[in-house]
Structures are given as C-alpha cells and as structure tokens.
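One structure is given below, encoded as structure tokens.
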Amino acid sequence: MLEVKNLSMRFGGLLAVDQVSVDVQEHEIVSIIGPNGAGKTTVFNCISGFYKPTGGQILFEGKEIQGKPDYRISRMGMVRTFQHVRLFGNMTVVENLLVAQHRHVNTNLLAGLLKTPDYRAREKRSLDRARYWLNRVGLLDMANREAGNLAYGQQRRLEIARCMVTEPKLLMLDEPAAGLNPAETRELDQLIVSLKEDYHVSVLLIEHDMSLVMGISDRINVISQGRPLASGSPEEIRQNDDVIKAYLGEA
Amino acid sequence: MAAENIKHAFFCAVITLIIAYPILGLNLIPSGAVVSLEGADGSTIAAIIAAAVVVFLFQLFRDSIMARLGFLSRVNPLSGREPMPQHKRARLESWLLTGIIVLALFWPFFVSRGSVDLATLVLIYIMLALGLNVVVGLAGLLDLGYVAFYAVGAYTFALLSQYTGISFWMSLPIGACLAALFGLVLGFPVLRLRGDYLAIVTLGFGEIIRILLNNWTHLTGGPNGIGGIPEPTLFGMEFGRRIKEEGNTSFHETFGIAYASEHKVIFLYLIALVLAVITALVIRRFMRMPVGRAWEALREDEIAARSLGLSRTAVKLSAFTIGAFFAGFAGTVFASKQGFISPESFVFLESAIILAIVVLGGMGSQIGVILAAIAVTILPELAREFSDYRMLVFGAAMVLMMVWRPQGLLPMRRIHIELKDQG
Amino acid sequence: MQDLLYFFQQLINGLTIGSTYALIAIGYTMVYGIIGMINFAHGEIYMIGAYTALIAITGLATLGIAWLPLVLLVALICAVIVSSSMGWAVERVAYRPVRGRHRLIPLISAIGMSIFLQNYVHLAQGSRNIGFPALIEGSFRMGPENTFQLSISYMQITIFIITLVCMTALSLFISRSRTGRACRAVSQDLGMASLLGIDTNRIISATFVIGAALAAVAGLLLGMYYGSVDPLFGFIAGLKAFTAAVLGGIGSIPGAMLGGLILGVAESMTSGYLSGEYKDVVAFSLLILILLFKPTGLLGKPEVEKI
C-alpha cells in the first residue's frame, strides 16, 4: 500500500534522512525504530507531506505522493499522530471528532444554513461515528469535556479515535506509547492490534518502547542516524548485532 | 531576601519616576515657532510621586497581593453552577432572545433621538465586532486591517449612490459582496504567514487602502470624502421632510402623520437591528457547522488540522471572506447613517477598537463580544469628561486583559452535544 | 549631469533616512530574534525618545545653555535614559507575564501597549505636532550654480556619523562583551541558554533596553531632521522600521541595517521620482512583497517548521 523508496531529506548542510526505504502492505503493522535523533519523525513528516523530501520516491496505492501537501495526503486516507499530543484543546472531545470528519460532511454553507436533508444526514452519520469511536476507546462519558482537560492517557486515546473517525487506510503513529504507564501501554497494544484486525487499517508506527514494538509488529525497520540499519521480522531484529550495538548507548 | 525585595521595589519606583516625570511633568508649550517648557501643575506632580510610591509598595508586597487577586482571573460567572439540561437551556435562550429583540424593537419609540442614533452606532459596532470575531476569535487570525472591509462597504454605497443613484437596499448586498471579495483577495497573500507577520501585513493592507482612498481624489473625493449619501427608503417612501428623489413618496405624507426627524433615525436603527440580528444568527449557525469547527481547529492547532485533511487555504479564506462580508453590511449602514464618509473614519485606530472589543468580550464568544461592543461604544458617551482618556483606557485594558484574563470577560462556552446512549 | 545629481540627492536622502530606520529596526530584530515576538510598542519608544530629547533641549534653552555639543549630549543622554526605562517597563508589564502563551496574546498585549503609550504622550503633551529646533544647520553644496545642486546637509552627515558609531558599538558589544555573547546564545536557543546558567530574563530585559536606547538616538536625530514631533509619528516609523527588519531578515542585526538602508533609498526614490504621497505605500508594499516571496528576508536564516 505504501512504498517509500530511498527517501532522503536534507536541511541545509544536514542530511537528516539518507536513503531510507520502508513499505507497508495491507493489513499489517510496520514499525520504525531507532535511537533518539535517528530521523524517524523526519521520515514521517516526509511521508505525510509536512516536509518536501529532497530525494526519493513515495508511492501510496501506486500513486506518487512525495512533495504533495499534507492535507491532500491526509485526504487520500493516510492520517498521523504526533510526538506531542496535538488535540484541539479548547474544543470538546466530541468536537474534535466532528471536525476530523470534515471531508465526510457537507461543507456547503448554504446547505448548512438551510439544514438540507443531505446536510443533516451527513451530520448525523458523523455524530454516530464519533459516538462509536468514543465508546470504543472508552471516552464516551467525556464527550463534552474540553479536550485539553483530559488526562494524558485519555488524550492519547482521543488522538487515535480522532484518526480512526476519518476512516483511514493507513494510520501513522508517532511514539504513541510515550509517557504511558505499563497498563496503558498494554491497552494501547490491544487497541492497535484491534485496529488492524477489526478495522482493516494498516499501521506504521514509530516507537522507542521495544516491548510495544516487538509484541505487535509484523515487520520492523531500524534506522540510525538517518540511515537504514536493518529490517525484518521482530525475531530477526532482536538478534541483529548492528541493532543491538546501535541501542547499546540507549538506557 | 527582604533587602533584595526593597532594592527591586526601589528600582521600579525610580523607573516609574523616569518614565513619568519628563513626559507628564514637563509640558512643551509651542507658541508660534518657539517652544518653551512649563512645569506641570502640582496635582500632576503629586500624581507622579503617588504612582511611584504605589509601584514601590506593590513590588514590595507583590506576592501577597497577587495571591489575593489571583482569584479574579479564574472567576467565571457561569461556572460552578450545575449546567442546565440542554433542552431547558435552549428554551431559556430562545425566550431571552425573543424578549430582548422585542424590547429592542419597541424601545426607540420612547426615547430621545440622540439615544436611538447612539444605538444605531452600537449596532454597527456589534456587526463589526461579530465579523472580526470570526477572523480573530474563531479562526485565530490576527487581522489588524479589518477596517479596510468596513471602508469598502461604506465607499461602495457612497460611490454607487453618487454615480448611479442606486438605493440603500441594492447597495447593501453589493457592498457586502464586494467587501467579501476584498476579503478573499487580501486573504490570499497572507495564507502562509504566521501570527505576527499576518498581523503586520493586514495592518499594512488596511493602511494602503486608507492611503489610496485619501489620494484618489478624483474617484473617492480624497480627504474631503463623499457626501449626499441617501438614507434607506421603505418601499419607495422617504423619511425626510421633503422628497429628494423623483418618484418617491414621503413617509409622513403617506401615513398622514406629522413629519418628525425621529422617523428616519428610528427607521435606520430598525434596519441596523435587523442586520445585526441576521449577522449574529448566521454566524451562530456557522459556528455549529463544519466551517465553524474548521475555523476553531485552525486556531487551536493548524498542524493537527492539516494532518486531518483540512485545507489551510480554504479555511483561512472562508474566515476572511465571511468576516469581511459582515463588515460590508456595517459599512453600508454607517455610510447611510452619516450621510457623508471620509477616510478619517477608517484609520487603524478603528481596527484597534474593534479588536479591543473582540478581545475584551472574549474571543469566540458572541454574547461577550456583543456586550463588549455595547460597553465600549456607550461608556465614553456616559463619561463625557473622560472621553479624552478613552483610548488610553482601551490600551491599558487590552494589556490587563491579556495578562490577567486572556479568555475575555465572558469566555466562550462550548456547545454541548448530546450523544444519546445507544446500544 | 542634472539627472545624475538629482539621483544622487535622492540616494543620499534615502541613505540618511535609511540609517535611522536601521537604528529603530535593530530594536525589532533583536527582540524578535530572542523571544519571537514583534514589539508593537517599539515605535512609541522611539517617539518618546524624540519627545524627551526635545524636552531636554527646550529645558536647556530655558536655562540659557546653548553650546551645541553639550546640548546634544544632554539631550541624547536624557532620551536614552527615558526610552530605555520605558522599554524595560514595557517588557516587564506587558510582555513578560504573557510570554509563552498562545501567540495571539502577547501580540494583543503589545498592541494595547502601543495604543496606551501613544495616548499617554498625546494626553501629556498635546496632539498637535511640536516644532523641533534644527540645531545643526547648513550644508555642502556641489554642482554648477543656477541649476540643481547636490546638497549634503551637516545634519545628514551627523546622522551618518552617529548611526555608524552606534552600529559599530553595537557590533562590538554583541561580539565581545559577556552580555552580548549571552544575547547571541539566548537568541539561538533560549532553553539551552537557560540550562547553561544564563539569566534569560535579564538578557531579555537587556535586549529591550538596547533596542530602546538605539530608538532614542534615532528619535533625537529624526526629530532634528524633520523638525517636528507628534504622538502618532512613532506608529508609522515603527511600521517602516519593522519592514526594514523583515526585509533584511528578522533576527539578523546586519539584516536590520541593510534593510533600513534599502527601505530608505526605495522611499526616497519613490518620493523623488513619483510622488511624496505614495512613499508610505512603498514601505507597506515592500513588506508584503518580501513576506510573500522571501519571508526570511535577505540575510535571514531559513526557518524550518518544527513538527
């Protein structure tokens, strides 16, 4: 579904990403791991259109998307989360989910002012979808709370719900387990696997937390200092010497 | 520790003296080409010294004072109470609204002409503030050149009436749409700009428009402006003592009542009222529609909004355009009210005043903005002796609000959406 | 020959004004470089400097002191002291408490401060413009008699010299002194600088004070050059200086100097060849063009959006 070939990203004199290749098939969970500063988020930013890569090719469902703007890529069915939670803090939980479904609703001003049947039907559907996902991540009774007032773990779940409500094909999660305690991390595990299994979403994951990654990934790519280091199944990676060396500096 | 405090407090007091005494205490008196200096009178000097003392004491006891005042910033007159069940609240709101509107409809017949005139001005500012609220309060785009759209609405009517004799009613939609067009055009270049730059560029646009209006004398009358702007008519009936246009009848003659100058003032007021209500209701609808949610998402976190498929271009342009549209309304009414417009009415200060209204009222909150517009327009009238200090107080109020209560006097309350529990 | 002289005249006028814009622009650029916000009230600080200088000069005249170098020096010192104090106070009152909040808030606070200061002076000193004595008179004239002559006034030369001295002093300060180095560190990375033990609050205050001092100098110079002051002239000057700062690359001090000169010359050329009324439009148009096509300015560093 997603093919990244020899992606490079240069910032002035710094080559942050050097010839990285990743691919994600339907119905699988792929992880990108690597020590801090390896360039993982930069790869994400390139794929999701927030940066214009300086080299390489990115294909989504066969179409070239490198260099396309972020919102276009998102509308093609690829949504992402961020390292630091980016919710719409002053809007309620439910509003966060409604605004995410922007492309599924009727945005015509006149239709909205006149409350045409099509407008009302679409609003209702988006409300239903919001309710469903809030229920799924256990935030239904927080629906009218301001998103900024949620606990950190809840915010993380809301972020994922917000992504799912857009009915994506590929979900890109940037360090979703950051800051979560072990119990929350396990819940996250189950959630992500369920997203793959029950909702047929592919997941591309950046993570630092090895336990999360090893448990749920179908395949793992390791990047160090912007360059690809290794790629394969969790088993293979676990036994790879280079990977172990790269991580030896990590506590 | 105490010594540090005293040193710091003393330093602040000295600074206060330095910034106060030369400017306040020594007045420059120009007489012809010669300038002389005059010491200010005793009360000013006393005030300066008092200020320094106050600063000294404040800095000294700062922590305890701030602790006691801290509660002010957290006061929310609406919180604490149990939120009303949704349907009850909706009903209460519609009753209240109806009551207010009925009051507003009948009120002008019982008060002086001057009051009605003032009320019309208030309604104009309400429209302007609600429009700017869309751009600044909802979408988070700091537009400092909003007055330009106001000017477009006013000048469109003035020019149309001067060159083609078009009536108020025809000019209203044209002016609003033209203002919206300007909003679109002005919106394009600023799409990629971040907050501060956006502010300056919009300010620049506002100034450019004003300078152009001032200098294109053959078209816009330059600093002399354009006069003879007609008042609105009611089905061809004019409200003046004598008819100005061929073919129109006169209101007081048609209804067989004595001419009174109040008639046209009240009529314009009622029109302004209707337009203001339309503005408020339409924007209120927008806030509950995808477009309004998109605005707020943009304000909250543009990057997250983009990551969800929201086109920053479309959202920003829609905010600018719609905000400008309502400024066009206000401009048309203003031109009709004054009968005469000139670039003097469209200076940056106006943009700043409207911005102050939005900020003081609570960015995003329609009710807060309406109340602030009323307060800002009426208070200077009530305290005539202090009118010189109006802008000084505005400036200070803006700073104070941002420091103490950035959410505004009446912060925006989120819409409660009922997610009925289904299986 | 005529045309060439005329051109050079505009050039010289432009460079003169431009160097004063540069002085004011430095204040904007330093503050932006350090805390990433536009000090809207900076134009008013410049205006206050001009007023204070005038008050000092008038005061000295009243006392019968007229020796030019002394008058200028005293006026300069007074203007710098008052402006710097004002700059310091503005930062403490309107900016420090709101640092770090959602970007609209410091901006609105700054605008409020700007309005407050304009009206403060307006109420204290009246709204009409007040004449500023042209203390330095006379000029060099070049060119054949009976036709257009190139004139470089002593005032213009004074402006050049003083701004040059200030720029040099500033450059030395930034590169050699401890505080200057700290300023550079803080403008690069505020968090890191504070971790390294630099008192960032003190440095930020220092930045405001330095900018204000330079603006005060500009106030004195331009007051003399234009011959009058009024409470609102800081606003336009501030906008133009900000344009200059952006033109040169906001955050870059050499950029502010370059931008100021370019803007001054552009304005002067417009005034000389098109019409004086449109010279303000030039500044705004330049600003808009630069922000559209090269927002980082001529000497600025390209900013990468941190996601």
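Read-outs throughout are calculated quantities, based only on the coordinates presented, and are distinct from any laboratory measurement. Bear in mind that the values here come from a model prediction, so they are computed numbers and not experimental data. Cβ coordinates were reconstructed from backbone atoms using ideal geometry, including for glycine residues, and neighbour counts include every protein chain displayed.
One equal scatterer on each Cα of segment B:2-75, no solvent, Debye formula: the resulting log10 I(q)/I(0) at q = 0.22 Å⁻¹ is -0.93.
Taking the Cα of B:LEU212, stepping 7 Å toward and past its beta carbon, and measuring to each backbone N in segment C:250-294: which are under 16 Å? Only C:278-289 pass the distance filter.
Mean partner shielding of peptide C:31-44, defined as the number of other chain Cβ atoms within 10 Å of each residue Cβ, is 1.
How much of the pair distance distribution for chain A lies past 30 Å, counting alpha-carbon pairs only, in percent? Counting pairs separated by more than 30 Å, the tail of P(r) holds 29 percent. As a ratio to 2.2 N^0.38 Å, the alpha-carbon radius of gyration for the protein assembly as shown is 1.04.
When the square roots of the Cα gyration tensor eigenvalues are ordered a ≥ b ≥ c, the ratio a/c for segment A:127-174 is 1.5 or more and a/b does not exceed b/c, which makes its shape oblate.
Note on chain C: semi-axes of the ellipsoid equivalent to its C-alpha gyration tensor, largest first and rounded to whole Å, are 32, 24, 18.
Distance between the 7 Å Cα→Cβ label points at B:LYS7 and A:GLU235: 7.1 nm.
Can you flag which of A:LYS115/B:LYS337; A:LYS63/A:LYS245; B:LYS264/C:LYS279; A:LYS52/A:LYS196 are past 31 Å Cα-Cα?
Numbers: A:LYS115/B:LYS337 35 Å; A:LYS63/A:LYS245 37 Å; B:LYS264/C:LYS279 43 Å; A:LYS52/A:LYS196 29 Å.
Correct reply: A:LYS115/B:LYS337; A:LYS63/A:LYS245; B:LYS264/C:LYS279.
Normalised by the residues of chain B, what does the relative contact order come to in percent, with Cα pairs under 8 Å and at least six apart?
Values: 577 pairs, mean separation 102.1, N = 423.
With pairs under 8 Å counted, the relative contact order is 24 percent.
Looking at the protein assembly as shown, the DSSP beta bridges with both ends there are about 65 percent antiparallel. When chain A is treated as a Gaussian network with alpha carbon springs shorter than 10 Å, the biggest mean-square fluctuation among A:LEU150, A:LEU205, A:LEU14 belongs to A:LEU14. Lys/Arg Cβ at +1, Asp/Glu Cβ at -1, dipole of segment B:92-404 taken about the Cα centre: which of B:PHE340, B:THR313, B:ILE208 is farthest positive-ward? Of B:PHE340, B:THR313, B:ILE208, it is B:THR313. With Cα atoms as the point set, the radius of gyration and Dmax of chain B evaluate to 25.0, 87 Å.
When C:HIS42, A:HIS27, A:HIS84, A:HIS104 are ordered from fewest to most other Cβ atoms inside 10 Å of their Cβ, what list results?
Details: C:HIS42 30, A:HIS27 13, A:HIS84 10, A:HIS104 17.
Taking fewest neighbouring Cβ atoms as first place, the list is A:HIS84, A:HIS27, A:HIS104, C:HIS42.
Overall, chain A carries a charge dipole of about 1080 debye about its Cα centre when +1 sits on the Cβ of Lys and Arg and -1 on the Cβ of Asp and Glu, all other atoms neutral. When chain A is treated as a GNM, springs tying every alpha-carbon pair under 10 Å, which of A:ASP18, A:ASP174, A:ASP241 comes out with the largest mean-square fluctuation? Result: A:ASP241 has the largest fluctuation of those listed. Our note on the geometry: Cα centres of segment A:4-43 and segment C:163-196, 37 Å apart.
Decide, for segment C:1-53, between rounded, prolate and oblate: order the square roots of the alpha carbon gyration tensor eigenvalues as a ≥ b ≥ c, take rounded if a/c falls under 1.5, and otherwise choose prolate if a/b is larger than b/c, else oblate. Oblate shape, in that a/c is at least 1.5 and b/c is the bigger or equal ratio.
With the cut-off at 1.5 for a/c, could you classify segment A:206-251 from its C-alpha gyration tensor as rounded, prolate or oblate?
Working: a/c = 1.44, a/b = 1.28, b/c = 1.13.
Taking the square roots of the gyration eigenvalues as a ≥ b ≥ c, segment A:206-251 is rounded.
For every helix of n ≥ 4 consecutive DSSP H residues, a contribution of -39,500 (n - 2.57) applies; sum these over the protein assembly as shown, divide by its total residues, and give [θ] at 222 nm rounded to the nearest 500 deg cm²/dmol.
Result for the protein assembly as shown: -20000 deg cm²/dmol, rounded to the nearest 500.
Computing FRET efficiency as 1/(1 + (r/R0)^6) for C:SER151 and C:GLU277, where r is the C-beta to C-beta distance and R0 is 22 Å, gives about 0.45.
Of interest is the spacing of the C-alpha centroids, which for segment B:260-284 and segment A:62-97 amounts to 43 Å. For the listed peptides A:227-233, B:6-12, B:61-67, a ranking on the average number of other beta carbons within 10 Å per residue, highest first, reads A:227-233, B:6-12, B:61-67. Here segment B:315-339 and segment B:146-222 have alpha carbon centers that stand 9 Å from each other. The B:GLU93 and B:ILE166 beta-carbon pair, evaluated with R₀ = 30 Å, returns a calculated FRET efficiency of approximately 0.20. At full extension, B:LEU57 and B:VAL347 could sit 100.4 nm farther apart than now, given 0.36 nm per residue minus the alpha carbon distance.
Each residue, B:GLU418 and A:ASP242, gets one label point 7 Å from its Cα in the Cβ direction; the gap between the two is 6.1 nm. A Förster radius of 45 Å, combined with the Cβ-Cβ distance separating B:GLU38 from A:LEU113, puts the computed FRET efficiency at roughly 0.15. In this label model, B:ALA67 and A:LYS5 are separated by 6.8 nm, measuring between points 7 Å along each Cα→Cβ vector. Neighbouring Cβ atoms from other chains, within 10 Å of the Cβ of residues in C:119-128, number 5 on average.
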